[in-house]
Amino acid sequence: MLADPDTPTSAAERRDLQAAAQAMGQQLVMLEARGGRDIEGAFATIGERGAGALLVAASAFLNSHTDQIVALAARHKLPAIYFNRQAAVAGGLVGYGASLTEAYRQAGVYAGRILKGEKPADLPVMRSTKFELVLNIKTAKALGLDVPDRLLALADEVIE
């Protein structure tokens, strides 16, 4: 797992992922990145440890370095899952996360309510309700992976 430790959700994500890895009998290596050089170092560690896959945690910093991370994952022939569809579009294997389109739509609804006179403090906190699964088949083929038909059927978008 590659994570930005300064992201507010980082500790909870790590805890949940560690519990899931233990339940499956997998070893989880957690790597931190706060800057571009940290990302390079993390991939060096990934290579040294012989990791079989990578999860890139949700983070504004990591999102701003998507192209670098996708390129390094490809160079290391490492299957990676990212927290948004944009990474899969950029060449990552899998993007899974909240729909940004739906989040922007909801922000518009909130703005409309405020413009109609509602107080922002009175509006409820909303959680994402729509999530997107995007698979990049071109990347899967480059990694020598066969994507099961069932997973393809579940995908919101398949990039070929």
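The values are calculated or read from the model by the stated rules, or taken from the named source; none is laboratory data. These numbers come from a predicted model, not from an experiment. When we count neighbours, we look across all protein chains shown, and the Cβ atoms used for this are built from the backbone with ideal geometry, even at glycine.
Among the helices (runs of 4 or more DSSP H) confined wholly to the stretch 1-64, which include 1 or more residues that are of a type in the set (Val, Ile, Thr)? Break it down into steps so the answer makes sense when it comes.
Details: elements: 10-23, 36-49, 60-64.
Where helices (runs of 4 or more DSSP H) fall fully within the stretch 1-64 and carry at least 1 residues being of a type in the set (Val, Ile, Thr), they are 36-49.
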Members of the stretch 110-160 found to be under 18 Å from Ala98 (Cα atoms), assigned to a helix (DSSP H, G or I) and of a type in the set (Ser, Thr, Tyr), listed by number: Tyr110
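Look through Gly97, Gly91 and report the one residue that is among the small types (Gly, Ala, Ser), closer than 19 Å to Thr129 by Cα and modelled with pLDDT of 90 or more.
Numbers: Gly91 fails: closer than 19 Å to Thr129 by Cα.
Just a single option satisfies the conditions, and that option is Gly97.
Of Ala74, Ala107, Ala57, Ala87, which residue is loosely packed, with under 12 Cβ neighbours inside 10 Å and either over 23 Å from Ala21 (Cα atoms) or in contact with a helix residue (DSSP H, G or I) (Cβ under 6 Å, 6 or more places away or on another chain) (or both)? Lay out the reasoning, then the answer.
Values: Ala74 fails: loosely packed, with under 12 Cβ neighbours inside 10 Å; Ala57 fails: loosely packed, with under 12 Cβ neighbours inside 10 Å; Ala87 fails: loosely packed, with under 12 Cβ neighbours inside 10 Å.
Of Ala74, Ala107, Ala57, Ala87, the one residue that is loosely packed, with under 12 Cβ neighbours inside 10 Å and either over 23 Å from Ala21 (Cα atoms) or in contact with a helix residue (DSSP H, G or I) (Cβ under 6 Å, 6 or more places away or on another chain) (or both) is Ala107.
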Within the stretch 78-114, of all residues that are under 12 Å from the mean Cα position of the chain (by Cα) and aromatic (Phe, Trp, Tyr), the one nearest to Gly47 (Cα to Cα) is Tyr82
